[in-house]
Each structure stands twice: as structure tokens, then as C-alpha cells.
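The values are calculated or read from the model by the stated rules, or taken from the named source; none is laboratory data. The structure displayed is predicted, hence computed values, not measured ones. Virtual Cβ from ideal backbone geometry, glycine too; neighbours counted across all protein chains shown.
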Amino acid sequence: MLKQIMLCGLGLFLAGAEPVQAHQVTFKTVQNYPAVIVRAGYEGAEPLSWAAVSVFPPDQEHSAWQNGRADKAGQFAFVPNAPGFWTVHVDDEMGHKAKTVIEIAESFFDNRERSIGSGEKDSAGSLGTQPLIFRLLFGLMIIFGVTGIAYGLMARQSLKKG
Amino acid sequence: MHISDGIIQTPVCLAAHAVCAAAIYISGRNTEQEDIPKMGMTGAALFTASLIHFPFAGTSIHLGLFGLAGIILGRRAFPVIYAALFLQSLIFQHGGLLTLGVNALNMGAGAWGAWLLWRVKRLPESLRAPSAGFLGILIPALLMAFEFNFSGYGKGIFYLLTIYLAVAVIESGITFSAVRFFRKVKADILP
């Protein structure tokens with residue numbers, strides 16, 4: 001009887017302790033074009049801080065799309081370029097590895113036009129976002145403008161001297 | 001050839017800006033009225049030249065025209081190169097603002113080297129013009145390679161010199177053609 005009770009107790013102990021010792025990794029994913037944001041944490045909400053991350057595109061298990069590290073909060077992001085099943089590997093380098101598969105649907109890219117459009121609108125005042133020909137003309141206008149002003153000033157000085 | 005910010009150490013960049021200020025003063029003082037249009041046109045050509053790209057050896061190379069600037073403007077090429085690089089940095093993000101002084105000294109040295117060679121009148125013009133164009137690229141490329149090496153990027157950067165040799169050959173042809181054109185159309189632009 002005592003042996004049975006001890007075995008039951010040991011079984012319950014192991015059953016209760018297993019998730020804590022194994023540190024099962026959980027993933028939370030937010031898809032917001034153009035980026036997919038992933039938060040990796042141990043079960044119990046502790047984040048996988050600075051874990052090594054590898055992202056693999058659909059049908060390419062051996063060629064990483066992105067390698068990097070999660071931040072302190074266990075978060076990282078990647079920018080997929082095609083729909084399909086993207087695989088994410090995380091490794092906290094303390095013996096805890098996990099992988100998850102994220103499905104990127106066609107509809108994820110539906111917001112492409114809207115997102116790009118709003119991005120241009122936000123930075124419309126920045127010269128760097130203007131077409132190359134406008135920037136070239138802008139630079140040439142400055143050069144010829146400064147040249148004209150300098151020439152005019154020197155001509156005026158010459159007239160005064162003359 | 002335009003070095004970006006973050007590659008050369010900040011004190012070196014600041015020292016280069018100080019040297020540039022002195023070089024601009026020395027090369028720009030006593031500028032005559034008739035020099036201004038030449039400086040403006042050459043500045044516009046330099047500013048635009050960096051947009052003319054050629055695919056080569058897996059990378060992209062572009063013109064500099066520093067040799068031609070040295071031939072036409074002589075010592076006054078320096079402030080023009082500085083102004084063109086300043087605008088290229090602001091408008092095209094070619095090179096950084098912090099490294100502007102280093103870039104201007106590299107490319108200004110190319111223009112001055114070309115100018116000194118152009119002044120060797122005992123050599124025929126058909127030899128001086130392409131050689132000046134060649135030097136105008138080779139000197140900045142050599143300086144840049146040394147600066148990268150001293151900044152801890154190893155000697156691998158010297159392999160880039162082989163690419164700039166190709167640019168120098170193209171520039172020597174362009175400089176030779178430009179000098180011949182000016183000699184026929186407006187010879188007084190050439191000193």
C-alpha cells in the first residue's frame with residue numbers, strides 16, 4: 001500500500017513538474033503587412049530573451065531567409081515575400097530549441113498597395129523619396145543658381161570698380 | 001568611391017574637414033569672374049557623373065570626371081568637387097556628411113594630380129589628356145584603399161583597385177575625347 005502511494009505521489013510530482021523542467025516554448029504571431037512579428041516565450045510567459053532565430057521560406061528547409069536574434073522581450077520580425085508555410089526556429093542556446101510553422105496567406109499581401117501608398121504619403125516631404133530625375137534637377141538647379149548668384153555679385157563688383 | 005559614415009574614425013573625419021576648409025580657402029581665393037561659369041558647368045558635370053553607372057565584375061561602377069575637372073579648373077577644382085560631393089551626399093546619399101571631408105580630399109587629390117600632369121607641357125596633349133583622366137580616378141581609389149586598410153578592413157579592399165583600374169581606363173578615354181572636343185570647339189577653356 002505504501003509502495004502504491006509512493007508511486008502515485010511520484011507520478012503526480014513528475015506530471016506536475018514536467019512543463020516547468022522542459023520549458024515548453026510558445027509562440028504568438030502578429031501578421032501586419034509587410035512584417036510578421038513573432039514573440040517566443042517559455043510556457044508561463046517568460047520570454048526567450050536574445051534567442052537565436054532562423055526563418056526559412058516555404059519549401060526551403062536548408063536555406064535560411066533570415067538569421068538573427070530576438071530582443072529582450074523574445075520578439076523578432078521578418079518580411080516574407082511569398083505566401084506559404086514559413087518555418088521559424090528559435091534556440092535560447094541553453095538547451096531549449098523550438099520551431100513553429102507560420103502560414104502566410106495570399107490575403108496578407110492584399111494590403112501591399114495601401115501600405116506602400118501610405119508610406120510614401122508619410123514621407124512626402126523627404127527629398128530621398130523623390131524620383132531620381134527630380135533629385136538630379138534639384139541639384140543642378142542649386143549648382144546653376146549658386147553659379148549665377150556668384151557671377152552676378154562678381155560682375156557687380158567689377159562694375160563698381162570700373 | 002564615396003566612403004559612407006561609420007567607416008572612418010570620427011577624429012579623422014573632423015581633421016579632414018579642417019584640411020578641406022584650408023584647401024577650399026587656398027584654392028578658391030582670388031577667383032576671377034570668368035572662372036565662375038567654368039566652375040558651375042564642371043560642378044554640374046561632376047554632380048551628374050556619379051549617376052552614370054556601368055555594370056562591371058558583379059558590381060556597379062560610375063564616372064568621376066575628376067581628371068577633366070583638374071584639367072579645366074586647375075587648383076579651383078577642389079571647391080567644386082567639395083560642393084558636388086556635398087550635394088551628392090545630401091540628395092543621392094552617395095557618401096556620408098561626416099566623411100565628406102575625407103571624400104573631398106581623396107577626389108580633390110585626384111583632380112590636383114591630373115592638373116599637375118596636365119601642366120607638363122613638354123608631353124604631347126594626346127598623352128597628357130588620357131593620363132590625367134586615368135590619374136584622376138587612380139589617386140582617389142588608392143587613397144580610399146589605404147584609408148579602408150587603416151580603418152581595419154584588411155587588405156581585401158585592394159582587390160577593388162582592379163575594378164577602379166577599369167573605371168580609370170574608361171575615364172581616360174572620356175577625358176581624351178572631351179579635351180579634343182574642347183580644343184576644336186572652345187580652345188580657350190583649356191589652360
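List of remarks:
Quick grid of which residues meet (1) over 24 Å from A:Gly145 (Cβ atoms); (2) of a type in the set (D, E, K, R); (3) surrounded by 14 or more Cβ atoms within 10 Å (Cβ to Cβ):
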{"site": "B:Val12", "(1), (2), (3)": "yes, no, yes"}
{"site": "B:Ala18", "(1), (2), (3)": "yes, no, no"}
{"site": "B:Glu32", "(1), (2), (3)": "no, yes, no"}
{"site": "B:Gly70", "(1), (2), (3)": "yes, no, yes"}
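- Top-ranked residue in the stretch A:73-89 [being under 13 Å from the mean Cα position of the chain (by Cα) and of a type in the set (Phe, Trp, Tyr); ranked as nearest to A:Phe56 (Cα to Cα)]: A:Phe78
- Single match in B:Gly95, B:Gly110, B:Gly101 (criterion: in contact (Cβ under 8 Å) with a residue 40 or more places away in the chain and part of a loop (DSSP other than H, G, I, E, B)): B:Gly95
- For beta carbons closer than 9 Å, sequence separation of 6+ or different chains, a first residue in the stretch B:30-45 that is within 8 Å of chain A (Cβ to nearest Cβ) and a second that is modelled with pLDDT under 95 and part of a loop (DSSP other than H, G, I, E, B), the qualifying pairs are B:Met39/B:Thr31.
- Qualifying residues in the stretch B:46-94 (those that are polar (S, T, N, Q) and on the phi < 0 side of the Ramachandran plot) - the one farthest from the other protein chains (Cβ to nearest Cβ): B:Thr59
- Residue list for the stretch B:129-166, filter: over 17 Å from the mean Cα position of the chain (by Cα) and either under 30 Å from B:Leu190 (Cα atoms) or among the β-branched types (Val, Ile, Thr) (or both): B:Ile157, B:Thr162
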